[in-house]
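Right, one structure below, let's go through it.
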Amino acid sequence: MTVLSSADREIITEKKVKSSYFDLPPMDMSVAFPQATPASTFPPCTSDYYHFNDLLTPEEQAVRKRVRECMEKEVAPIMTEYWEKAEFPFHIIPKLGAMGVTGGSIKGYGCPGFSITANAIATAEIARVDASCSTFVLVHSSLGMLTIALCGSEAQKQKYLPSLAKLDTVTCWALTEPDNGSDASGLMTTAKKVDGGWIIEGQKRWIGNSTFADLLIIFARNTTSNQINGFIVKKDAPGLKVTKIPNKIGLRMVQNGDIVLQNVFVPDEDRLPGVNSFKDTSKVLAVSRVMVAWQPIGISMGIYDMCHRYLKERKQFGAPLAAFQINQQKLVKMLGDVQAMFLMGWRLCKLYESGQMTPGQASLGKAWITSKARETASLGRELLGGNGILADFLVAKAFCDLEPIYTYEGTYDINTLVTGREVTGIASFKPASRSRL
């Protein structure tokens, strides 16, 4: 008598359960659902209802056109596949670099030297098609590169920025730690001065681009001054280890990592001389928070564009979905919110460019815009019915991608407290001391 192992029994059971067609590949979307066009063929832009494009300079309009064409042609056809696999499409990095937007508002060193508005428009146009790609560029450009530009030495700028501007090399920005998210100023990674450099010890988490970045911008606490300093750490430095964070529901193409630094030596030449306290990071975050506010603007534009086309293509009860009153009402609600989001984002840019923008204004913009974008995604998910849960039709993917954006660069709640502190003059970040009974 033959005694089957548990593994053999499982195989036999599986064969009995499965049908002969169980392992067939999925049907092509054009065959499975011919009535509507998936996002791989991206819809035309129909969300600029109030002609905000007229507010842009010819240069800013040219940036918008160039980025839109690249994203629709190069990224839209492959984004769902890579999002589903939670992998980054490295082959498109040269195409993203060819758009000429990396480095944003940085002047010189091979960077475009855009206005903040042009930089924001580029961010939105990338996010309109794919939020993961916009996060990749934002982390690299508006955090990593900008830190070197604002806080680095002239030698560091000359050495690193030109290749970063072309996306020949990639950077990341490591502030958040396992025990310090919203309370980032309490970070515990340390930097100890030694002969010729520094020894970095600690751990970082949620760091986008970190698994493959050539340069890692690391913030650590100086063990002598107890202040926060910044450092440029090279990929594969001895003692450096980065592992991918799995199982995310949003921004799945972005490679977020856990960084462990064990006795990592950084030479003096790679210490960022302009980072001598946590307040010095605010110069970078003031720009990046504006750029992050433009991500949900772009995402909402894409959601609206997708829903606008879908409702005209998809038919039920003998008529296109666009013919039904409730669908028109939801579509117009989305359209109005997109106009309001764009106007707030545009005004933030103008305040920054005139030197008037305050931290509270940037925080209110990021908090309010991401909140409205979540509402827009929710309405879009309703309008698409069953296809509203498929990444193929963009809205489900955008719905998920908005969740991490709602949280990073300051959660909704933290950003409201920044604004609240500014308008009341009272800080409320730490809980009040417990009274004695």
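The values are calculated or read from the model by the stated rules, or taken from the named source; none is laboratory data. Please read all numbers here as calculations on a predicted model, not as lab measurements. Quick reminder, even Gly has a Cβ in these numbers, built from the backbone with ideal geometry, and neighbours come from all protein chains shown. SASA here: full protein model, heavy atoms, side chains in, ligands and nucleic acids out. Shrake-Rupley method; radii C 1.70, N 1.55, O 1.52, S 1.80 Å.
Identify all residues within region 258-267 that are surrounded by 13 or more Cβ atoms within 10 Å (Cβ to Cβ) and under 11 Å from Val233 (Cα atoms); write none if there are none. The answer is Leu261, Val264, Phe265, Val266. All of (1) in contact with a Leu (Cβ under 9 Å, 6 or more places away or on another chain); (2) more than 26 Å from Val284 (Cα to Cα) hold for Ala120 with one exception: (2).
Listed here are the helices (runs of 4 or more DSSP H) enclosed by region 1-103 that have at least 3 residues being over 30 Å from Thr147 (Cβ atoms) and either open to solvent by 50 Å² or more (accessible area, probe 1.4 Å) or not small (Gly, Ala, Ser) (or both): 6-17, 29-32, 76-85.
Report yes if Val101 is free of Cβ contacts under 8 Å to residues at least 60 places away in the same chain, hydrophobic (A, V, I, L, M, F, W, C) and in contact with a strand residue (DSSP E or B) (Cβ under 7 Å, 6 or more places away or on another chain), otherwise no. Yes: the conditions hold for Val101.
Answer with yes or no whether Ser354 is out of contact with any helix residue (DSSP H, G or I) (no Cβ under 9 Å at 6 or more places or on another chain) and either of a type outside the set (S, T, N, Q) or free of Cβ contacts under 8 Å to residues at least 40 places away in the same chain (or both). When the stated conditions are applied, Ser354 passes them. Screening Ser288, Ser282, Ser277 for residues that are modelled with pLDDT under 95, crowded, with 17+ Cβ neighbours inside 10 Å and within 20 Å of Thr147 (Cα to Cα) leaves exactly one candidate, Ser288. In the set Lys166, Lys193, only one residue is touching a helix residue (DSSP H, G or I) at 6+ places or on another chain (Cβ under 7 Å), at pLDDT 95 or above and among the charged types (D, E, K, R); that residue is Lys166. Comparison of Asn226, Asn247, Asn263 shows that the only residue that is farther than 21 Å from Thr147 by Cα, in a loop (DSSP other than H, G, I, E, B) and not hydroxyl-bearing (Ser, Thr, Tyr) is Asn247.
If the condition is being open to solvent by less than 70 Å² (accessible area, probe 1.4 Å) and aliphatic (A, V, I, L, M), then region 218-252 contributes Ile218, Ala220, Ile228, Ile232, Val233, Ala237, Leu240, Val242, Ile245, Leu251.
Condition check ((1) out of contact with any Lys or Arg (no Cβ under 9 Å at 6 or more places or on another chain); (2) more than 30 Å from Arg314 (Cα to Cα)) across all residues:
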residue	(1), (2)
Tyr50	yes, no
Lys65	yes, no
Glu74	no, no
His91	yes, yes
Pro112	yes, yes
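Figure legend. Inter-residue proximity from region 247-268: first residues under 20 Å from His140 (Cα atoms) and of a type in the set (D, E, K, R), second residues in a strand (DSSP E or B) and open to solvent by 20 Å² or more (accessible area, probe 1.4 Å), beta-carbon distance below 9 Å, spacing 6+ or different chains. Indicated pairs: Asp258/Gln203; Asp258/Arg205; Asp258/Trp206; Asp258/Lys241; Asp258/Val242; Asp258/Thr243; Asp258/Lys244.
Scanning region 120-151 for residues that are open to solvent by 10 Å² or more (accessible area, probe 1.4 Å), among the aliphatic types (A, V, I, L, M) and either farther than 18 Å from Thr176 by Cα or outside any helix (DSSP H, G or I) (or both) yields a total of 3. Residue by residue through region 379-405, note down the ones that are open to solvent by less than 50 Å² (accessible area, probe 1.4 Å), in contact (Cβ under 8 Å) with a residue 60 or more places away in the chain and under 17 Å from the mean Cα position of the chain (by Cα). Of everything in region 379-405, those that are open to solvent by less than 50 Å² (accessible area, probe 1.4 Å), in contact (Cβ under 8 Å) with a residue 60 or more places away in the chain and under 17 Å from the mean Cα position of the chain (by Cα) turn out to be Leu394, Val395, Lys397, Ala398, Cys400, Asp401, Leu402, Pro404, Ile405.
Among residues of region 220-246 that are more than 17 Å from Glu177 (Cβ to Cβ) and among the hydroxyl-bearing types (Ser, Thr, Tyr), those with a beta-carbon under 7 Å from a residue that is at pLDDT 95 or above and open to solvent by 70 Å² or more (accessible area, probe 1.4 Å) at least six positions away or on a different chain give the pairs Thr224/Lys193. May I ask you to verify whether Gly181 is at pLDDT 95 or above and not aliphatic (A, V, I, L, M)? Spelling it out, it is not the case that Gly181 is at pLDDT 95 or above and not aliphatic (A, V, I, L, M).
Results for (1) over 28 Å from Cys45 (Cα atoms); (2) in contact with a helix residue (DSSP H, G or I) (Cβ under 7 Å, 6 or more places away or on another chain), shown as yes or no for each residue.
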{"residue": "Val264", "(1), (2)": "yes, no"}
{"residue": "Asp270", "(1), (2)": "yes, no"}
{"residue": "Ile297", "(1), (2)": "no, yes"}
{"residue": "Gly302", "(1), (2)": "no, yes"}
{"residue": "Leu331", "(1), (2)": "no, yes"}
{"residue": "Arg347", "(1), (2)": "no, no"}
{"residue": "Thr376", "(1), (2)": "no, yes"}
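Taken over region 185-207, the criterion of being open to solvent by 10 Å² or more (accessible area, probe 1.4 Å) and under 23 Å from the mean Cα position of the chain (by Cα) is satisfied by Ser185, Gln203, Arg205, Trp206.
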